[in-house]
Amino acid sequence: MAMIAHKCRDVVVEVVDVNAERIAAWQSDRLPIFEPGLDDIVRSARGRNLSFSTDVDAAIRAADIIFIAVNTPTKTYGVGAGRAADLKYIERCARRIAHSLKGDTIIVEKSTVPVHTSELVKTVMEARSGGGNVQVLSNPEFLAEGTAVRDLEEPDRVLIGGERTPEGDAAVETLTSVYAQWVPRERIITTNLWSSELSKLTANAFLAQRISSINAISALCEETGADVDEIALAIGLDSRIGPKFLRSSVGFGGSCFQKDIFNLVYLCEHFDLPEVASYWEQVVHMNDYQKGRFSKRIINALFNTVSGKRIAILGFSFKKDTNDTRESAAIYVCRHLLQEQAHLAIYDPQVSEEEIRAELSASLDGDGEIEVCTDPYDAVRGAHATAVLTEWNEFADLDFASIYEEMLKPAFIFDGRNILDLHKLRAMGFVAHGVGKR
Ligand code: UDX
């Protein structure tokens with residue numbers, strides 16, 4: 001929404017939420033999320049054509065276009081628990097809109113939703129008492145965290161799904177005209193509603209599948225002496241495969257991949273397609289295997305016990321340039337090591353101590369301990385091992401000679417992101433491990 005306000009001075013964007021604390025944070029000097037470049041855009045548009053408020057009903061009444069951008073987390077209860085998307089927030093939004101709406105409106109699903117969710121929104125709208133024509137569009141968001149501003153400024157494509165009726169087409173054109181203020185028209189593609197909804201789940205499933213595929217090969221590399229980065233280079237130069245998303249790692253994280261695959265799996269099961277469901281589910285299984293393999297490798301290398309040993313953890317967010325920790329591989333690795341009674345010294349340049357402790361508190365009932373450090377050199381002091389779990393640029397530039405001096409010997413280092421030069425580290429004296437490298 002900030003990008004729309006930034007690019008379209010003639011569009012008034014009002015962001016509303018029932019969470020007053022969240023809205024206050026967006027109005028303040030300290031935005032609630034860390035995203036490179038976002039602060040500048042919000043600051044310049046705020047007070048001009050971008051505002052934040054808790055007056056949800058007034059915003060609904062005033063709007064020509066309403067974007068629904070609420071969470072659709074995996075259900076944790078009842079039918080479909082652990083797999084299906086929880087649509088209660090979408091439904092609550094739809095009902096609130098139906099209650100306050102006056103006149104013609106376009107409702108845009110921005111949240112990632114299972115195919116046919118727009119049916120839910122439409123049904124709620126049709127049952128309302130007020131007048132006016134309502135069109136429901138699907139406009140999934142493909143930005144990635146850490147590169148959100150660039151992804152929004154120059155998207156590979158903008159996808160808009162709508163009903164194939166004259167009214168539907170007109171609504172699609174209205175939304176297209178907003179994006180067309182900065183995105184070339186040929187990159188704005190329009191489809192029917194169901195294709196648009198399903199494209200988003202499919203895109204995330206394909207991206208996650210690439211990572212699980214290269215991670216599967218990384219296990220074989222560690223056994224055979226092949227190097228996964230060399231393989232990624234060799235296959236990525238095939239223009240049919242392409243070089244992106246072939247970085248083997250400790251495992252993918254983030255709020256989308258696992259959730260959306262489970263969502264896809266649930267849909268397949270719902271439509272009685274068990275073979276399709278288990279095909280996609282394997283992508284998540286492979287990711288769990290990769291995370292587990294990494295922590296087991298640390299334990300095995302440290303003579304099969306990490307009990308009471310200090311292990312420095314560098315990076316806690318699910319990828320660099322974000323403070324988001326949702327489904328971060330670091331959480332899984334840390335929990336596993338804590339179960340084995342390790343003492344973890346954790347450093348991340350953006351994730352707060354509060355957040356790290358909240359993620360790990362449930363694993364602290366045994367003899368495992370955590371210390372959250374504000375400096376990577378404090379974390380490594382006296383450590384038996386160092387594990388790099390997020391690919392923050394600053395980690396590659398650390399002074400490893402002095403880190404080696406500070407650590408206990410033998411000094412083990414495990415690079416879960418393949419950002420370090422293992423040969424150099426070994427020359428310094430480290431016992432150095434990467435992913436998919438012997
Ligand atoms: C993803 C999709 O890329 C985006 O289009 C969608 O809108 C939201 O979900 P995001 O989760 O923000 O975006 O980040 P992404 O860059 O896709 O990375 C996801 C995870 O995969 C991270 O943990 C990242 O470290 C990992 N990853 C990515 C790899 O392990 N290897 C790679 O080659 C690429």
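For the reader, a short list of remarks on this structure follows.
- Residue list for region 47-74, restricted to those being assigned to a loop (DSSP other than H, G, I, E, B) and touching a Phe, Trp or Tyr at 6+ places or on another chain (Cβ under 9 Å): Val70, Asn71, Thr72, Pro73
- Residues of region 1-23 that are closer than 11 Å to Ser53 by Cα, open to solvent by 50 Å² or more (accessible area, probe 1.4 Å) and not acidic (Asp, Glu): Val18, Asn19, Ala20, Arg22.
- Across region 130-147, the qualifying residues are those that are open to solvent by 10 Å² or more (accessible area, probe 1.4 Å) and aliphatic (A, V, I, L, M), and the one among them that is nearest to Lys7 (Cα to Cα) is Leu143.
- Counted residues, region 1-46 - those being among the aliphatic types (A, V, I, L, M), farther than 25 Å from Lys320 by Cα and part of a loop (DSSP other than H, G, I, E, B): 3
- For Ser295, the conditions (1) over 21 Å from Ile370 (Cα atoms); (2) among the polar types (S, T, N, Q); (3) more than 12 Å from the ligand (Cβ to nearest atom) are fulfilled apart from (1).
- Within region 265-302, the residues that satisfy the criterion of being within 30 Å of Ala383 (Cα to Cα) and of a type in the set (Val, Ile, Thr) are Ile298, Ile299.
- Tally, over region 409-438, of residues that are outside any strand (DSSP E or B) and touching a residue at least 40 places away in the same chain (Cβ under 8 Å): 7
- Thr76 being of a type in the set (S, T, N, Q) and either within 27 Å of Asn192 (Cα to Cα) or crowded, with 19+ Cβ neighbours inside 10 Å (or both): no
- Among the residues listed as Ser317, Ser328, the single one being under 25 Å from Glu406 (Cβ atoms) and either surrounded by fewer than 24 Cβ atoms within 10 Å (Cβ to Cβ) or within 16 Å of the ligand (Cβ to nearest atom) (or both): Ser317
- Of all residues in region 192-215, those satisfying the criterion of being within 11 Å of the ligand (Cβ to nearest atom) and open to solvent by 50 Å² or more (accessible area, probe 1.4 Å) are Phe206, Leu207, Arg210, Ser213.
- Looking at Val265, Val250, just one residue is of a type in the set (A, V, I, L, M, F, W, C), open to solvent by less than 10 Å² (accessible area, probe 1.4 Å), over 22 Å from Thr374 (Cα atoms) and near the ligand (Cβ under 10 Å from one of its atoms), and that residue is Val250.
- Meets criteria (modelled with pLDDT of 95 or more and under 24 Å from Gln290 (Cβ atoms)) for His343: no
- Candidates Ala226, Ala234, filtered to the one that is hydrophobic (A, V, I, L, M, F, W, C) and within 16 Å of the ligand (Cβ to nearest atom): Ala234
- Scanning region 164-171 turns up one or more residues that are at pLDDT 95 or above, away from the ligand (no atom under 16 Å from the Cβ) and open to solvent by less than 20 Å² (accessible area, probe 1.4 Å).
- One residue alone among Ser53, Ser44 is free of Cβ contacts under 8 Å to residues at least 40 places away in the same chain, polar (S, T, N, Q) and open to solvent by less than 40 Å² (accessible area, probe 1.4 Å), and that residue is Ser53.
- On the stretch given as region 412-432, residues that are closer than 24 Å to Ile356 by Cβ and open to solvent by less than 50 Å² (accessible area, probe 1.4 Å) total 8.
- Here Cys93 fulfils each of the conditions (1) out of contact with any strand residue (DSSP E or B) (no Cβ under 6 Å at 6 or more places or on another chain); (2) at pLDDT 95 or above apart from (1).
The values are calculated or read from the model by the stated rules, or taken from the named source; none is laboratory data. Since the structure is predicted, the reported quantities are computational estimates derived from the model, not experimental observations. Quick reminder, even Gly has a Cβ in these numbers, built from the backbone with ideal geometry, and neighbours come from all protein chains shown. Side chains included, ligands, DNA and RNA excluded: accessible areas come from the protein's heavy atoms. Shrake-Rupley method; radii C 1.70, N 1.55, O 1.52, S 1.80 Å.
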